[in-house]
Amino acid sequence: MENSSDDYRIQSFDLDTQVLLKTALKGFCISDPNSVNLEKVCSIIVDQSLKDQVFSKEAGRICYTIVQAEAKQNNGNVFRRNLLNRLQQEFKGREETRARSIQEWVCYVTFICNIFDYLKVNNMPMVALVHPVYDCLMRLANPDALMNEEEVDCLVLQLHRIGEQLEKVNSQRMDELFFLLRDGFLLQEGLTSMARLLLLEILEFRAGGWMLSSTAHKYYYSEIAD
Amino acid sequence: MSDWKRDRRRGAHSEERESRSVGLSRWSHCRKRGVDGNLRSSSKVDGREKDNDRHIEGSHRYPDGRHSSFTTPESTGPVTRCSQQADWGSQVEDDEMRRDVHRDMQRYRRRILGAEVTERERKTSSGSSESNDSKEGDNIETDEAVLLRRQKQINYGKNTLAYDRYIKEVPKHMRQAGIHPKTPNKFRKYSRRSWDQQIKLWKVKLHAWDPPSENGLNEVLDNIEEPDLGDVMDIELDFPSLADSQNASVSLRTHLLSVEDDDCLGTPVKVQRTESTVEADMA
């Protein structure tokens, strides 16, 4: 079941890449665990995530599969180490990335949040990622980013997915983030009504304990019945 | 109303400041390794210069001219200031090890609780000669730093071909105290010297299972492919036999004796060889 959707995603790679990823996903061929270059697999996944927004939303599960397989295979964590360090490297250059391409920046945030969501250490979020993820989300909540629907959309989506987990590990920063969001919703001029709608929804979402009441849900999601 | 609002706003700001300083201490404790010297500044690379500038910028709040590595890191920076160890990959690995150790400790405590009960029962029925410290629970090492250091030493020992071969060749129920290597119990209170000695002896014993240098290549590869994960936990959590509480050097004597006594046990011949090494070490 999972495999089929992974396969579907993998179609978007070129042929060599597909083969490489499939081998990695199959948990390495038993006869020669060293035949898979996990560093390379890692960089392919990250590169693709930064290019392809749909993929960046799915990549977490693929990475999770590989991490599990590697741990089972030889108790190793080469893949995870490479992945995290690459994420860190991209994190350092995030302002440059954003200046260069909003799309790539949005992909990066989507990806790191997805990794935060999927990869756990003893079922707990990876502490090392908590502040970086917050930093990314705070950046998206800055006035200049709020002017940009693409970024607002990303911010809101991430908060829907991992907001609750993030708040559990550090509620202070979540408060801080929501001060920005309220100010943005209330005070910022020039926001599109779509951006305001998204912000209002996420404010309600968190206020309801990371859930929408059924009436709120109806308000935001039902088809216009006129 | 407006007063209330203003108050709230102010509250928000102070909270913001507060949480930022929380952020600082969080990041800073991962820098521990780097603090030990000027190593860090000497290891700075050109590519990181920009980030360092940013920190220096932030350091104007510290007019006492402290080292830039002690100033508040901007969110971009935590990484740059730590030497090799502070990359996210290592942070997560350290975190993982810490949580594993805590989980092990809880298991160990549960085990002790269970074992103390049976121990008491046994004593009343057979009047076992080994008695002394029945309060196993008071004897637990809880210092996280110590436990992590010990875990690291154990991991080094286990991360060897010899260890893989050993756990594969000698099933757990075949292992005999004093003859086969037994992972030192990291949860017991030992002096540093005693612990280090136990680790050393354990490693020496493990060397008996070093892969044969020639013609054994295939065998070695076999072992790589079949990691015995289930075993890893078991070994460490062996309930400490009372013999463990003896000083390492004392138990060494018994090891040597018992090896001499009955050499018909299916231990590799190499064990014999290690004895001389051990003795050399002891001398």
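Would you point out the residue of region A:185-226, among those that are touching a residue at least 40 places away in the same chain (Cβ under 8 Å) and either within 14 Å of another protein chain (Cβ to nearest Cβ) or outside any helix (DSSP H, G or I) (or both), that is farthest from A:V152 (Cα to Cα)?
Within region A:185-226, the subset touching a residue at least 40 places away in the same chain (Cβ under 8 Å) is A:188, A:190-192, A:194-195, A:198-199, A:201-202, A:205-206, A:210.
Within this subset, residues satisfying the condition of being either within 14 Å of another protein chain (Cβ to nearest Cβ) or outside any helix (DSSP H, G or I) (or both) are A:188, A:190-192, A:210.
Details: A:Q188: 13, A:G190: 14, A:L191: 10, A:T192: 10, A:W210: 18 Å.
So the residue we want is A:W210.
Please determine, by comparing only the residues of region A:101-110 that are of a type outside the set (V, I, T) and in a helix (DSSP H, G or I), which one is surrounded by the fewest Cβ atoms within 10 Å (Cβ to Cβ). Steps first, please.
Just the residues of region A:101-110 that are of a type outside the set (V, I, T), to begin with: A:101, A:103-105, A:107-108.
Keeping just the survivors that are in a helix (DSSP H, G or I) gives A:103-105, A:107-108.
Working: A:Q103: 14, A:E104: 18, A:W105: 26, A:C107: 24, A:Y108: 24.
Checking each candidate, the answer is A:Q103.
Tally time: how many residues in region A:110-123 are touching a residue at least 24 places away in the same chain (Cβ under 8 Å) and over 14 Å from A:L87 (Cα atoms)? Steps first, answer last, please.
Within region A:110-123, the subset touching a residue at least 24 places away in the same chain (Cβ under 8 Å) is A:110-119.
Going one step further and asking which of them are over 14 Å from A:L87 (Cα atoms), we end up with A:117-118.
Of the residues in that region, 2 qualify.
Would you check if there is a residue in region A:108-115 being touching a Gly at 6+ places or on another chain (Cβ under 7 Å) and assigned by the TED database to the domain that holds A:I45? Steps first, please.
Let us first name the residues in region A:108-115 that are touching a Gly at 6+ places or on another chain (Cβ under 7 Å), namely A:114-115.
Restricting the remaining residues to those that are assigned by the TED database to the domain that holds A:I45 gives A:114-115.
Checked against the condition, which is being touching a Gly at 6+ places or on another chain (Cβ under 7 Å) and assigned by the TED database to the domain that holds A:I45, region A:108-115 yields at least one hit.
Counting only residues that are at pLDDT 95 or above and of a type in the set (F, W, Y), which one in region A:202-226 is surrounded by the fewest Cβ atoms within 10 Å (Cβ to Cβ)?
Among those that are at pLDDT 95 or above and of a type in the set (F, W, Y), it is A:W210.
Quickly run through region A:171-187 and pick out the residues that are buried (at least 16 other Cβ atoms within 10 Å of the Cβ) and of a type outside the set (D, E, K, R).
If the condition is that a residue be buried (at least 16 other Cβ atoms within 10 Å of the Cβ) and of a type outside the set (D, E, K, R), then A:Q172, A:M174, A:L177, A:F178, A:F179, A:L180, A:L181, A:G184, A:F185 are the ones that fit.
So is B:Q91 assigned to a helix (DSSP H, G or I) and at pLDDT 90 or above or not? Break it down stepwise before answering.
Working: assigned to a helix (DSSP H, G or I): yes; at pLDDT 90 or above: yes.
When the stated conditions are applied, B:Q91 passes them.
Examine region A:122-139 for a residue that is crowded, with 18+ Cβ neighbours inside 10 Å, among the basic types (K, R), farther than 19 Å from B:A86 by Cα and within 11 Å of chain B (Cβ to nearest Cβ), and state whether such a residue exists.
yes
Rundown of residues vs (1) modelled with pLDDT under 90; (2) surrounded by fewer than 18 Cβ atoms within 10 Å (Cβ to Cβ), yes/no style:
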{"residue": "A:N34", "(1), (2)": "yes, yes"}
{"residue": "A:K51", "(1), (2)": "no, yes"}
{"residue": "A:A59", "(1), (2)": "no, no"}
{"residue": "A:K72", "(1), (2)": "yes, yes"}
{"residue": "A:G93", "(1), (2)": "no, yes"}
{"residue": "A:A99", "(1), (2)": "no, yes"}
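Within region B:161-178, can you find the residues that are at pLDDT below 85 and among the hydroxyl-bearing types (S, T, Y)?
Selection gives nothing.
State yes or no: is A:R182 within 23 Å of A:Y118 (Cα to Cα), part of a helix (DSSP H, G or I) and not aliphatic (A, V, I, L, M)? Even if it seems obvious, please write down each step before you answer.
Values: within 23 Å of A:Y118 (Cα to Cα): no; part of a helix (DSSP H, G or I): yes; not aliphatic (A, V, I, L, M): yes.
No: the conditions fail for A:R182.
The values are calculated or read from the model by the stated rules, or taken from the named source; none is laboratory data. This structure is a prediction, so every number in the text was calculated from the model and none was measured. Quick reminder, even Gly has a Cβ in these numbers, built from the backbone with ideal geometry, and neighbours come from all protein chains shown.
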